[in-house]
């Protein structure tokens, strides 16, 4: 609902303004959100994926502000056994790579592994 | 910033499937990573790969991987290794050399955790390529393999860490140990590469850290196998070699220090590791060669000191090796070192070095080490060579008067070392000895340096070594100086000797100078009696200064005396000691003479020393070889010099020469006997404190009495008198109010031999022997009263009997020659005997009473529980009676006395005597009457009496006057 409010879902005026108007504040709140992903149930994860596809991938360069956290949780999602969820994560990652560029994308992966090494475990 | 050539890279193209970008491992022939892109027709270059997939590689990717390797979860570590194996093999160029090293180092740290899967992955990543399909090693040298180079470098880095505790200090060694244990085949290749760094690490933390001890202990355990030690030695040697080729002498010095450290601290398995010299020799030869360059052509000597020290230490190890064969490198090394040394010596002789204290100290130390080494390395030089330039220069340097004392000393030390090597049987030094020739002058120079050099200790030490190795040269040199005819020079030489003596005792208390060649010492002692007062004074000063170490003076004399033994047969029961082969009597006489000189000149100190100092072990050993020691049970464990000297005196007093050895030796031996007596008397006279004299006397009483008895058997008239003098000395000079003294006297008088000895003495045909014994008896009369108790009567009876027998004998032969001159009995003899009789009578009739009242006798009585004065008086009275009864018999057979012309009878003063015919108590009155009537009815005028008759009158008259009641025997009409 917060997303809906922020993104102006149902409000064509707000939608027209685009995510750029509030992208920076999204990055600000995101760390609180990401921390739930790892331990979330499958249906929540699916919703989560949708949320990312719908709101985050729409962001422009503002996404860089929360890229570390986003990639961090997505990498954890690669371990998922559910095909649908896995597919969703892979799609997001591909989309992200496309969005930020390969160098930035892989650079963030290396950075994430320094910052929170135990994400691989 | 995008690298050039990447502008056309399709941004946004997805490369998420990383397997597509794995570096191919199959193509071993190329180091270029091949990248394939399944999605794209266009393959990307390695630069593109790096740009897009490993951005900020050095800082980001490598750190991320290290982070993963160090993760707390094994799964992460495994993944990281899997990634490294698949995407970053060490042979690829994807990572730089240093990045690889960092990663491998991080990987190696995991070896400590001992997780098999991790260790397997690590080895697979780093050294997987050196194993073939069957798992056995494929030989690839470190030089040709980047992975191994990385591995080595990472191990180097491990040793460069700064440990904080014992665990972290041991970690690098533990890691290396695990690697070598798991991959034995790699030890040969990797250990030499890391040896230097590892030893340096051990050296850095050898001390001063709380973990140093633990690290050293772990290091020793790790490096305990011969194989590892050999590899390390090889590595250190080749490192030294390479550095020398590079002429990097700073590092050469560091490596030398490292070798020295390893040699002294780690390679402790000297006995076990016999083949070490094989590896040490090349190192040794290289150091020898580097000397000149190390010192920067002899300019900076302090740089060479560590190398010179190391040479010394290696030489010590190599010396133990049986085979000292030379080889090419070594011969060259020796040659270069000798050249270096000659140059060094030349510069010193030319005075090129500054004399300021700091730099000269280095020059001096370097020269000392170099000289020691140049002598020691001669063992590697062919023994057939001719001449040695360096040695000639060395001798020249010693002769050069302007040389500083330290340099001369070092040179002399070199020469002495050569003699020491020669003495230990090393043939290589034989030709060097021929080169020296002037050893006498060199030693004289050394001797002259006593008191002149600032380093007196060194001078004394060198003289000590010279005394051990060339005693004859040293002794003759000192004697030459001492025998200088010019008194001031002589005194100077003596003062030098005294100084040496003092310093030697101070610096080397266990060293006894001139033991093997003590002649110079003997000269010093002989100077105690020199004609020149200055010489005497110097010698006495020397003796006075040596009081604390008198053993150094006595030992050579005594040892010479003990060594100067001969074959002898002993009979303990009879007390006979007979020499069956000759010995050098001169030595014995001189020895006693010197001991006497010392004793006379330093009575108090010597007696104190003798009585309180245990005998040195060497002398005890010599003493144990003495066969005659069983005769005199004197010296025991920890006994003093006094006992030993008493033994020696007694031995030489008692020793008789067998007749077969000839009259000359017999005469010479008699002189030795007399010397022994004289010395023993001197000892007894000078015992300090005098209260201890009886104690000393007690040791010698029995042997002396036995000896005295033997002198009568052997008819040795000189010793009959001399030993008696000693006995007399013991009884009178060693007299104190002590129980011991009384016991001594009782021991003498109560000895079964005593009466026989007195009899033999009193009845001796020889006038001087007899007179000595009469004199002795006269002197001992008061002691009989004191110590004989009830036996006085018996003793006096016998003495009177022996005297009368002899009187008769003398009077019979008086004035005539009987079998040679020695039997001439003259007036004096008779008077002597009469004097003896008179003394006995006088003592018992006029002095004994007073004697019994003597205070000291009363004190002695109490001490010894002797008979009281009353009992003693009874004994004396009985003795008197006995004398009176026997007095007539005294003059039996005294024909000579009575055959004088009859004197005129004057007035009423008549003297009658019995004599001429034997008489008995029964016919006593008749006999008296008969003689009175027939022969002796004449009156004697005093002035007309013969001297004998006067003597008899002097004896008898007082008795008659005092004891008229007992004058039946002697009547005055």
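The table below gives the values:
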quantity: Global geometry of segment B:488-601, whether rounded, prolate or oblate, following the gyration tensor of its Cα atoms and the 1.5 cut on a/c; calculated: prolate
quantity: Per-residue Cβ neighbour rank within 10 angstrom, fewest leading, B:109, B:102; calculated: B:109, B:102
quantity: Where labels lie 7 Å past Cα in the beta-carbon direction, separation of residue B:639 and residue B:146 in nm; calculated: 9.1
quantity: Residues B:639, B:116, B:849, sorted so that the one with the fewest Cβ neighbours within 10 Å comes first; calculated: B:116, B:849, B:639
quantity: Packing-based exposure ordering (other Cβ within 10 Å, fewest first) of B:499, B:762; calculated: B:499, B:762
quantity: C-alpha center-to-center spacing [segment B:664-691, segment B:49-121] in angstrom; calculated: 99
quantity: Part-to-part distance (alpha-carbon centres) for segment B:758-773 and segment A:69-114, which is given in Å; calculated: 138
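Throughout, read-outs are computed from the coordinates displayed, never taken from laboratory work. Being a predicted model, the structure only gives us computed values, none of them experimental. Because the Cβ atoms are built from the backbone with ideal geometry, glycine has one as well, and the counts that use them run over all protein chains shown.
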